[in-house]
Amino acid sequence: MPPLGIEERYSFNQVRNRALKELAKLILVPPLLLSVLTRASRTSLGYWTVPCHGLAIFLGACVRTWYHDYLQGRDAKRTGGEKTIGTIPRVKGKLPGNIDIVVRLFANNDSGYLYDLFLELFDQCQSTTINLRIFGIDKYVSIDSEHIKYALGPGFRHFWLGNTRKELLENLLGDGMLNRDGDLWKTQRAIARPFFSNDRVRDFTLFDKHAQRCMSILSDLEPGQAIDVADLTWRFTTDTASEFLFGQTLDTLSFNEADGGFGSFINAFGEIQDIAFKRSSFGALWPLTELFGDLTEPLGNVVKQFVDPIVQRALEHKRKMVEKDQQIEADQCTFLEYLAWKNDDVGLIRDQLITILIAARDTTAALLAFTIYMFTQHPEVAVKARAEVLEHIGPNGTPGIEELKKLKYLQAVFNETLRVFTPLHASIRESKPTGILLPPSDPTYPRGPMYLPPSSTLIYLSFLTHRNPALWGEDAHVYDPERWLDPERSQRVTANPAIFIPFSAGPRTCLGQSYALNEASVFMVRLLQRFEHFTLAEDKQLAPPWKTKPLPTGSSIFGPGYPGTKRKEVEKIWLGNHVVMFSKGGIWARVLKASE
């Protein structure tokens with residue numbers, strides 16, 4: 001089957017058939033060839049038939065691997081010319097197909113610290129870009145700042161999101177610009193860009209309205225009562241984003257369970273992301289885990305049933321305006337109305353709305369929740385941030401763009417939170433159908449140029465890049481906003497911006513970056529004006545499972561505790577990963593009013 005078109009909706013049956021063909025190559029073809037040979041030679045294997053077929057599968061896998069490696073080495077030499085080019089180091093598990101690595105990846109996600117296992121694999125291979133080779137299919141993972149910089153910047157034209165990413169998230173993002181390449185991506189981005197102009201993303205009245213509701217909820221708590229701030233910030237950004245996108249708030253801050261289907265929509269939203277992560281762990285053969293149907297299809301239908309009627313109403317409003325020969329005012333309409341005026345495709349509008357909803361809701365909610373978590377662990381940070389707010393805005397002043405520019409320490413707090421708790425913790429790219437020469441590695445494990453084969457999946461883990469002591473210094477595990485105000489330490493980012501990419505980089509840089517930071521700033525100003533002390537409610541908090549088990553011993557560039565990071569020793573929350581990183585079980589905190 002030829003590769004799926006990069007601007008074409010995929011058929012689950014096509015993807016499943018592709019996976020079955022790959023499985024046939026691995027398991028069915030060798031025994032079939034053996035059967036043909038034995039019949040042609042009129043040889044009977046008798047009782048040895050099953051063992052010989054198993055041996056044929058094993059030898060077939062060995063030959064396939066050897067030939068694959070031979071082709072990669074040959075192509076690497078051709079690509080490099082006179083240069084000495086290496087191939088990307090391959091992880092070697094204890095079981096065929098690296099099955100044990102897959103099992104450990106799931107175990108790490110279920111009970112370990114986020115991406116813990118990868119630190120061990122990078123250290124074993126002595127490389128910051130590695131090849132997992134799951135079930136005989138190459139899958140490249142990188143935390144190398146130079147390789148990431150190349151993929152997002154100078155080498156952008158050699159990469160696209162590709163079919164792997166598209167297959168994983170089709171029923172969530174569809175034709176949205178985070179799930180498309182080529183002309184459709186360019187068109188979607190060009191349409192969205194004007195709506196994220198400075199005037200739009202500085203709608204502090206909208207941000208402040210919903211932030212004030214959150215402050216009222218916190219103020220109404222009984223003394224000593226804990227609240228899940230991850231849930232609160234999620235509701236805040238949901239209500240803000242829905243009003244920004246749809247023109248009407250979904251009013252999740254009312255905590256009204258009779259939500260007209262919104263609860264089902266949000267649950268489906270999260271479940272699709274969870275399924276997408278599990279799929280990615282199996283590599284290209286993930287459809288074999290869903291032989292009896294696409295698990296995301298019914299969930300995608302729930303999303304459509306909620307959003308499509310909203311889109312239809314916007315299109316009907318547009319039709320009536322056209323009949324009256326009226327024009328839309330671009331600076332006074334919602335994003336939904338703006339999209340409806342640009343085209344009549346319900347699916348395209350829905351997918352773009354969902355894409356922006358994730359960007360405008362999940363990432364900002366995570367930033368705010370993790371910042372409050374850090375306030376509970378570093379009270380001195382909260383004290384200093386509050387003093388700055390009171391100095392420049394006062395206890396009751398209204399935050400505006402000029403006031404926010406003066407809050408240098410708060411900006412440093414956000415940067416440090418985005419570094420240590422990166423909401424967009426990982427992303428996927430795919431090389432185009434030509435081999436690529438990756439530049440020399442960063443100083444973590446120095447290596448020369450490496451060859452990335454054509455049509456290869458490359459996953460980069462910015463979460464680990466942001467915590468790498470080889471790039472950030474020995475205190476990389478320490479939460480310290482001062483590093484952004486210290487010219488010597490902040491010079492690291494100035495010299496190599498690729499070590500800090502919370503909003504991605506290059507042509508695909510997040511359009512909503514200013515929106516997110518302005519929204520977060522308004523919320524945090526209101527919070528610090530009214531509250532001065534934050535503690536983690538450990539009696540409510542879901543404790544990380546490793547807290548009851550001793551850390552493994554060993555050594556690694558990433559810190560004591562192998563596998564592991566130094567942050568694992570002090571962390572009191574359990575990080576999880578969907579499209580956006582979150583804390584399992586929420587983040588439970590108690591807040592103290594300034595007057596108290």
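The values are calculated or read from the model by the stated rules, or taken from the named source; none is laboratory data. If you're wondering where the values come from, they're calculated on a predicted model, not measured in any experiment. We place every Cβ from the backbone using ideal geometry, glycine too, and count neighbours over all the protein chains shown. We work out accessible area using only protein heavy atoms, side chains counted, and drop any ligands, DNA or RNA first. Shrake-Rupley method; radii C 1.70, N 1.55, O 1.52, S 1.80 Å.
Extending 7 Å from Cα along the Cβ direction at A543 and again at D308 yields two label points whose distance is 4.8 nm.
Rolling a 1.4 Å probe over the protein heavy atoms gives the chain an accessible area of 44 Å² per residue.
Of V383, P454, Q273, which is farthest towards the positive pole of the stretch 160-593's charge dipole, taken about the Cα centre with +1 and -1 on the beta-carbons of Lys, Arg and Asp, Glu respectively? Value computed over the given set: P454.
Only Cα pairs under 8 Å and 6+ residues apart enter the sum, and on that basis the relative contact order of the stretch 160-593 stands at 23 percent. Bridgeable aspartates and glutamates around K432 (alpha carbons under 13 Å apart, same-chain partners fewer than 8 residues away excluded): D181. Between N256 and V50, the FRET efficiency from the beta-carbon distance, with R0 = 56 Å, is close to 0.35. Of Y140, Q248, P395, which is farthest on the positive side of the dipole of the chain, counting Cα position, with +1 on Lys and Arg Cβ, -1 on Asp and Glu Cβ, and the Cα centre as origin? So the residue furthest toward the plus end is Y140. Listed values for the stretch 376-387 are Karplus-derived 3J(HN,Hα) couplings in whole Hz (6.51 cos²θ - 1.76 cosθ + 1.60, θ = phi - 60°), namely 5, 8, 9, x, 5, 5, 4, 4, 5, 5, 5, 4, and x replaces Gly and Pro. Neighbours of L152 by Cβ distance under 10 Å: Lys/Arg scored +1, Asp/Glu scored -1, total +3. Net charge dipole, the stretch 489-551: roughly 200 debye, given to the nearest 20, about the Cα centre with Cβ charges of +1 for Lys and Arg and -1 for Asp and Glu. Think of the chain as having a plus end and a minus end, set by charges on the Cβ of Lys, Arg, Asp and Glu; of T128, N518, G86, G86 sits farthest toward the positive end of this dipole. Each peptide in 264-277, 164-177 gets a packing score, the mean of other Cβ atoms within 10 Å over its residues, and the list from highest to lowest is 164-177, 264-277. The share of accessible area on the chain that comes from carbon and sulfur is 56 percent, using a 1.4 angstrom probe.
The simple spin-label model puts a point 7 Å past each Cα toward its Cβ; for L291 and T535 those points are separated by 5.6 nm. Given points 7 Å out from each Cα along the Cα-Cβ axis, report the I328 to Q124 separation in nanometres with one decimal. Simple spin-label model gives 5.3 nm for this pair. Semi-axes of the equivalent ellipsoid for the stretch 17-161, computed as √(5λ) from the eigenvalues of its C-alpha gyration tensor and ordered from largest down, come to 35, 21, 13 Å. Neighbours of V381 by Cβ distance under 13 Å: Lys/Arg scored +1, Asp/Glu scored -1, total -3.
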